[in-house]
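The block underneath contains the structure these notes are about, expressed in structure tokens.
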Amino acid sequence: MTQLLGDATINELEKGLQGSLVRPGDDEYEEARHIWNGAIDKHPAMVVRAAGTADVVRTVRFAASEGLPVAVRGGAHSVAGFSTCDGGIVVDLSAMRTVEVDAKARRAVAGGGTKWAGFDAATQIHGLATTGGLVSSTGLGGFTLGGGIGHLVRAHGLACDNLLGAVVVTADGSVVRASADDDAELYWGLRGGGGNFGVVTSLELALHPVGPTVLGGLVFFAGEDAAKVVAGWRDYVRDAPDELSSLVVLTTAPPAPFLPVEWYFKKVAAVAVCWAGDPAEGMEVVQPLRTLGTVVADLVGPLPYVELQQLLDGLWTPGSANYFTSAFIESVPDDAVATFVDFHRRSADLPVQAELHLHHLGGAMARVPSNATPFTDRTSPYIVNCIARTPDVHDLPPQREWAQAAREAMARYGAGRTYVNFTGEAGDDNVRAAYPPDTYRRLQQLKNRCDPSNLFRFNQNVTPSVTS
């Protein structure tokens with residue numbers, strides 16, 4: 001592709017950049033083309049490592065003039081592989097990670113390449129936070145634009161609910177600000193619309209008093225108690241206060257130092273909790289979740305919020321092949337518990353990481369009107385995420401089939417709606433399963449205005465109704 005463009009054309013782009021450009025044949029190309037998900041093996045025509053918004057503008061205008069699609073890379077965690085592409089241009093924002101905190105106003109402005117580890121470190125100096133990813137190497141941009149479910153979701157809503165504004169480079173190279181007062185329709189679309197409308201070079205997020213110490217962590221239970229754990233968790237969280245966010249994880253115990261050696265490679269059930277209020281007050285509330293079965297390891301207690309945010313990082317390092325698929329759930333009756341546990345019982349053992357997550361939603365997230373953002377599943381009390389992860393990409397297909405089957409079985413307890421951030425593959429069917437028809441049409445009208453040629457198509461893409 002670079003030969004088709006001509007070196008002179010590419011050199012002209014490169015000369016105007018404050019950042020750098022990596023092309024096939026360069027020493028850095030192999031590193032630059034790879035992303036977090038090892039199942040994705042794409043060869044972009046070039047990777048532009050943008051130093052700032054001006055570099056993004058220049059690159060987008062170049063891509064549009066040359067007829068090349070654009071993939072946007074923030075944290076590079078897109079499970080479906082949208083952080084890269086074949087034959088197009090990757091706009092890599094990883095150098096744009098400055099975080100400016102206004103503690104008095106309780107808001108922060110972060111560059112489009114910021115990851116949650118850096119954001120949390122900057123905001124926790126002031127005892128402030130917003131809903132972030134469960135793995136701290138996840139990028140703010142994609143996480144927030146798709147919705148954003150994390151440890152503070154019930155206390156402070158989705159990440160997209162906390163988006164106050166954004167700077168966006170649209171398909172014609174224009175730089176626009178989206179907020180409640182500036183292009184309110186684009187602002188609406190950015191809060192759960194999946195990054196379909198341009199390159200977000202900075203995000204302004206609301207902050208809340210959290211930490212620096214919170215009550216949180218994981219309790220691991222024996223796998224044979226999984227049904228009892230899931231049912232007990234379900235019954236208890238039904239009336240939980242907003243300060244408590246939690247999820248159940250059915251998995252195989254890794255050989256980790258926080259688990260007894262005799263439990264390595266055995267099936268376990270875990271409950272992850274975060275109490276967003278005063279840690280001392282939360283101990284009594286959280287206690288029943290620590291006694292749901294035979295305890296293998298209890299890691300719940302007061303800990304720094306940044307440590308809670310990084311608790312799972314070691315299990316989700318880059319390079320392995322990953323697949324996620326999800327469904328919003330309206331209820332978890334006993335037969336759903338039995339189904340959930342049966343898929344866990346039949347899941348592969350390590351080194352395959354086959355996990356079933358069941359998140360408790362509601363709280364602050366549910367109080368946002370359904371038409372306020374494209375993220376419309378405000379009333380579903382649960383979401384299930386079915387995960388397959390293999391060290392070798394060739395081993396992924398049967399595990400992906402397991403995850404898909406688990407998702408289909410659990411989706412019977414909901415309306416069939418999916419979550420774009422927990423979707424491991426592209427496709428129009430997946431996008432339409434994520435948004436109700438009226439929401440999809442509104443997103444499409446916004447796409448028609450901001451990106452009529454579908455330059456930004458490497459996302460859960462709402463295609464324009466008429467391409468120009």
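Are there DSSP H segments in the chain that both extend 18 Å or more along their axis (alpha-carbon positions) and score a mean Kyte-Doolittle hydropathy of at least -0.5? List them, or say none. Walk me through the numbers on the way to the answer.
Numbers: long enough: 53-66 (20 Å, 0.19); 396-411 (22 Å, -0.77); 437-450 (20 Å, -1.78).
Those that pass (Cα extent of 18 Å or more, hydropathy at least -0.5) are 53-66.
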Task: Entries in Lys115/Lys447; Lys15/Lys42; Lys42/Lys266 that, when Cα-Cα distance is taken, lie over 32 Å - done: Lys42/Lys266
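Of the listed peptides 391-399, 226-234, 192-200, 298-306, what is their order by residue-averaged count of other C-beta atoms within 10 Å, with the highest listed first? Write down the numbers at each step before the final one.
Numbers: 391-399: 14.7, 226-234: 21.8, 192-200: 26.6, 298-306: 17.0.
Top to bottom by mean Cβ count within 10 Å: 192-200, 226-234, 298-306, 391-399.
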Task: Per residue, the convex hull volume that the Cα atoms of the chain enclose (Å³) - done: 132
TODO: Just need log10 I(q)/I(0) for region 212-356 at q = 0.15 Å⁻¹, Debye formula, equal scatterers on the alpha-carbon atoms, no solvent, rounded to two decimals.
DONE: -0.80
Task: Percent RCO, i.e. relative contact order, over region 109-155, from Cα pairs under 8 Å lying at least 6 residues apart - done: 41
- [ ] Any chance you could list P(r) for region 427-468, counting all Cα-Cα pairs in 5 angstrom bins from zero, rounded to whole %?
- [x] 6, 28, 32, 25, 8, 0
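Hey, what's the chain come to in accessible area per residue, 1.4 Å probe, Å²? Let's see the in-between values first.
On the way: 17520 Å² over 468 residues.
Here the residues of the chain average 37 Å² of exposed surface.
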- [ ] Note down the net charge around Leu152, summing +1 for each Lys or Arg and -1 for each Asp or Glu among other residues with Cβ under 12 Å from its Cβ.
- [x] -3
Task: Förster radius 30 Å - calculated FRET efficiency between Arg61 and Tyr440, Cβ distance, rounded to 0.05 - done: 0.55
- [ ] Within region 212-235, which residues have the backbone N less than 14 Å from the label spot 7 Å out from Lys266 along Cα→beta-carbon, could you tell me?
- [x] 220-226
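So if each residue of separation counts as 0.36 nm, and I subtract the Cα-Cα distance between Glu307 and Phe258, what length gain in nm does that give? Intermediate results must be reported in sequence, preceding the final value.
On the way: separation 49, 0.36 × 49 = 17.64 nm, distance 1.41 nm.
Taking Glu307 through Phe258 to full extension adds about 16.2 nm, to one decimal.
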TODO: Can you bin region 378-468 into rounded, prolate or oblate? Criterion: square roots of the alpha carbon gyration tensor eigenvalues sorted a ≥ b ≥ c, rounded for a/c under 1.5, prolate for a/b above b/c, oblate for the rest.
DONE: oblate
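How big is the convex hull of the Cα atoms of region 2-157, per residue, in Å³? Let's see the in-between values first.
Numbers: hull volume 18.8 nm³, N = 156.
Spread over its residues, the Cα hull of region 2-157 gives 120 Å³ apiece.
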Task: Distance between modelled label sites at Glu31 and Val393, nm, 7 Å Cα→Cβ extension - done: 2.0
Task: Relative intensity, log₁₀ I(q)/I(0), of region 320-431 from a Debye sum that treats every alpha carbon as a point, q = 0.10, 0.11, 0.13 Å⁻¹ - done: -0.30, -0.37, -0.50
- [ ] Would you kindly state how much longer the chain becomes between Val176 and His43 on full extension, computed as 0.36 nm times their sequence separation minus their alpha carbon distance, in nm to one decimal?
- [x] 44.9 nm
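For Cα pairs less than 8 Å apart in space and 6+ apart in sequence, what is the mean separation divided by the residue count of region 397-468, i.e. the relative contact order in percent? Walk me through the intermediate numbers first.
Details: 53 pairs, mean separation 19.3, N = 72.
Value for region 397-468: 27 percent.
Calculate what fraction, in whole %, of the accessible area of the chain sits on carbon and sulfur atoms when a 1.4 Å probe is rolled over the protein chains. Write down the numbers at each step before the final one.
On the way: 8920 of 17520 Å².
The C+S portion of the solvent-accessible surface of the chain is 51 percent.
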- [ ] Restrict the search to region 291-398; then list the trypsin sites (Lys or Arg not before Pro) that DSSP places in a loop and that have at most 13 other Cβ atoms within 10 Å of their Cβ.
- [x] Arg346
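The values are calculated or read from the model by the stated rules, or taken from the named source; none is laboratory data. Just so it is clear, the model here is predicted, and its values are computed rather than measured. No Cβ is skipped: glycine too gets one built from the backbone with ideal geometry, and neighbour counts run over all protein chains shown. Calculation scope for accessible area: heavy atoms of the full protein, side chains included, ligands and nucleic acids excluded. Shrake-Rupley method; radii C 1.70, N 1.55, O 1.52, S 1.80 Å.
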